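Before any comments, here is the structure.
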Amino acid sequence: MIRVTRLNGERFALNPDLVERVEGHPDTVVFLVDGTKYVVRETVEEVLLEIREYRASILATAYEMDRGTYRSPVPPADADGASVVPFPAREER
């Protein structure tokens, strides 16, 4: 998810996989594939940069998982909570 800001200052998260297009005229408008439109404070360039960084982070995490070096940013739960199941290591062929 990427974070964007409405014109009234309210921040919200947006799924970048649902973005169809982003236009600036003069306000930045994000159009989703279902026809929803959001007017945001960020420029077109800033929204596109957020989307690129989001997608790059997914690829980086997948690479770390593939190499067995991934460490979850969420600490394991204590004895009262649910445990975190580690991602299994890929078997070499």
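Throughout, read-outs are computed from the coordinates displayed, never taken from laboratory work. Keep in mind the model is a prediction, meaning the values are calculated, not measured. Glycine also receives a Cβ, built like all others from the backbone with ideal geometry; neighbour counts cover every protein chain displayed.
Taking other residues whose beta carbon is less than 13 angstrom from the beta carbon of VAL44, and scoring Lys, Arg as +1 and Asp, Glu as -1, yields -3. Sum up the charges of everything whose Cβ sits under 13 Å from the Cβ of VAL29, counting Lys and Arg as +1 and Asp and Glu as -1, but leave VAL29 out. Computed value for this residue: 0.
In a reduced charge model with +1 at each Lys and Arg Cβ and -1 at each Asp and Glu Cβ, the range 2-67 shows a dipole moment near 120 debye about its Cα centre.
Averaging sequence separations of C-alpha pairs under 8 Å and six or more residues apart, then dividing by the length of the range 2-67, give the relative contact order as a whole percent.
Details: 78 pairs, mean separation 17.5, N = 66.
Relative contact order of the range 2-67: 26 percent.
Taking the average, over residues, of other Cβ atoms within 10 Å as the packing measure, peptides 19-32, 55-68, 37-50 rank 37-50, 19-32, 55-68 from highest down. Using the Cβ-Cβ distance between THR61 and GLU10 with R0 set to 30 Å, the FRET efficiency from 1/(1 + (r/R0)^6) comes to roughly 0.60. Just the C-alpha atoms of the range 2-67: what Rg/Rh do they give, with Rh taken as the Kirkwood radius? That ratio equals 1.05.
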